[in-house]
Amino acid sequence: MTASSPSAPPRHRARTVGLVALLGVAMATATYLQGALSVLSSSLIDEFGLTRSQLGVAFMAFSLTGAVASPVMGTLTDRDATSVMAALFGVTALAVVAVAAAPNFAVLVGGSVLGGLALGAGNPVTNRVIAEDIGAARRGLVVGLKQSGPPLGLLAAGLILPPLALAWGWRWAFVASAAIPLAGLMSTPFLLPRSRRSGSPPATRMSDESRETRSAVMWLTLIGLGVALSLSAVIAFLPLYAQERVGASAAGAGALAAAFGLTGVAGRIAWGALARRFARPTSPLIAITVVAVLAVVAIALAQELGMWILWVGVIGCGFTLMAWHALGWLVLIDQVGVGGVGKASAVMQIGNSIGFASGPPIAGLLVDATGSYMPAWVTMVAVLVVIGLLTVWIRIRTTSPKT
């Protein structure tokens with residue numbers, strides 16, 4: 001069953017729309033805790049007396065757990081995607097409630113670890129469903145739509161959490177966040193029935209794939225790590241930077257986070273839809289990296305030039321840096337196919353999670369050590385330049401139209 005036929009009956013089209021929506025909500029749910037911690041970072045610092053480095057540890061715990069969990073989640077996904085999807089929603093609901101109830105920093109980190117289990121499941125399970133249920137002609141758009149989930153989650157966190165925290169306190173704002181994963185949990189049995197497993201192709205081992213496929217997965221993992229490192233640092237410290245160095249209010253910082261998420265949604269959908277128009281996907285990946293470098297430079301200059309250039313940088317980062325993974329996951333799905341896509345996604349997820357785990361503590365340590373955000377932004381720019389050069393090098397060395 002695929003979504004490739006334009007003459008599909010209305011009932012099938014409705015099921016496909018619902019399935020794509022579920023995939024987007026799953027990705028938003030898997031990554032939501034990171035955005036929520038960022039948006040409410042000033043409240044957490046005040047509540048627990050945290051340093052920027054300690055705040056980075058909470059983000060690191062979330063992402064490292066995702067890296068450790070992803071191989072297991074990938075294997076389980078190739079056996080039973082429905083159960084993994086349901087677990088993703090259930091675990092996230094527990095994680096946000098645990099953070100809301102945290103009496104100290106240690107329990108807060110424990111909530112981050114719990115949320116990281118869902119992070120490890122996000123891309124393996126959604127990529128498996130796409131590889132199995134979505135035809136190649138529409139796969140780019142669907143990957144872009146499901147990858148719009150994380151920036152949509154950040155958008156929701158930026159718009160909703162600050163006013164909720166102001167009205168009810170940050171803890172009740174977190175509790176309210178459990179509504180979305182609970183809705184996903186209740187929808188999963190209807191949109192992803194267990195009966196679909198009987199027709200699933202058997203999973204294959206990564207070691208059985210061609211040398212070209214393994215190479216593609218490895219370079220995607222490496223470059224994705226660098227993108228995730230830079231992106232996570234921006235997500236984690238953008239609201240705090242805007243308040244402490246550029247003069248934004250808490251609501252204004254939340255609006256920046258929301259704009260970052262909104263442009264990320266637009267970027268992922270747009271790049272996913274346009275992906276098939278490029279002869280080789282490294283072409284848009286190179287363009288994305290170049291613009292992302294300029295956007296992070298704009299963010300760094302905002303403390304001298306003001307809010308207007310910060311908005312330019314945020315919009316540029318959202319449309320490019322957040323969009324990279326929409327194309328990266330599409331290349332991986334095309335390279336690997338249905339059998340074993342869960343395990344291949346888990347490999348790339350490990351790289352992403354390590355990158356997301358590294359960015360916030362590195363940036364936090366640099367800010368604490370120097371008293372300035374500039375070294376952190378310079379480091380992120382350097383990382384993006386390196387991965388841009390690596391992408392160009394891969395483009396030159398390979399001849400496959402899939403890379």
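Just checking, how many residues over region 132-142 are modelled with pLDDT under 80, open to solvent by less than 30 Å² (accessible area, probe 1.4 Å), part of a helix (DSSP H, G or I) and within 23 Å of P284 (Cα to Cα)?
So the count comes out to 1.
Identify the single condition in (1) at pLDDT 85 or above; (2) open to solvent by 40 Å² or more (accessible area, probe 1.4 Å); (3) not β-branched (V, I, T) that S230 does not satisfy, given that it satisfies every other one.
Among (1) at pLDDT 85 or above; (2) open to solvent by 40 Å² or more (accessible area, probe 1.4 Å); (3) not β-branched (V, I, T), S230 violates only (2).
Filter region 135-170 down to residues that are closer than 17 Å to S43 by Cβ and not hydrophobic (A, V, I, L, M, F, W, C) and give me whichever is farthest from the chain's Cα centre (by Cα).
G169
So, in region 99-140, exactly how many residues are in contact with a helix residue (DSSP H, G or I) (Cβ under 7 Å, 6 or more places away or on another chain) and basic (K, R)?
Residues in region 99-140 being in contact with a helix residue (DSSP H, G or I) (Cβ under 7 Å, 6 or more places away or on another chain) and basic (K, R): 2 in total.
State which residue pairs qualify: first residue without any contact (Cβ under 8 Å) to a residue 24 or more places away in the chain and inside region 165-181, second residue part of a loop (DSSP other than H, G, I, E, B) in any location, beta carbons under 8 Å apart, and separation of 6 or more residues or different chains.
Short answer, once both residue conditions are applied: none.
Within the group G261, G247, which residue is touching a residue at least 24 places away in the same chain (Cβ under 8 Å) and surrounded by fewer than 18 Cβ atoms within 10 Å (Cβ to Cβ)?
G247
For region 171-186, how many residues are assigned to a helix (DSSP H, G or I) and either under 19 Å from the mean Cα position of the chain (by Cα) or buried (at least 19 other Cβ atoms within 10 Å of the Cβ) (or both)?
Final tally of qualifying residues: 6.
Tell me which of these L256 doesn't satisfy, since it passes every other one: (1) of a type outside the set (G, A, S); (2) within 18 Å of the chain's Cα centre (by Cα); (3) under 23 Å from L390 (Cα atoms); (4) open to solvent by less than 10 Å² (accessible area, probe 1.4 Å).
Unmet condition: (3).
Regarding region 98-110, can at least one residue be identified that is touching a residue at least 60 places away in the same chain (Cβ under 8 Å), farther than 19 Å from K146 by Cβ, more than 16 Å from the chain's Cα centre (by Cα) and surrounded by fewer than 21 Cβ atoms within 10 Å (Cβ to Cβ)?
yes
Hey, could you check region 304-322 for residues that are open to solvent by less than 50 Å² (accessible area, probe 1.4 Å) and touching a residue at least 60 places away in the same chain (Cβ under 8 Å) and say which is nearest to R139 (Cα to Cα)?
In this case the residue turns out to be M322.
Going residue by residue through region 95-112, is there one that turns out to be polar (S, T, N, Q) and under 23 Å from A179 (Cα atoms)?
Checking region 95-112: at least one residue is polar (S, T, N, Q) and under 23 Å from A179 (Cα atoms).
The values are calculated or read from the model by the stated rules, or taken from the named source; none is laboratory data. These numbers come from a predicted model, not from an experiment. A quick note on method: Cβ atoms are made from the backbone with ideal geometry, for glycine too, and the neighbour counts reach across all protein chains shown. Heavy atoms of the whole protein, side chains included, go into the accessibility calculation; ligands, DNA and RNA do not. Shrake-Rupley method; radii C 1.70, N 1.55, O 1.52, S 1.80 Å.
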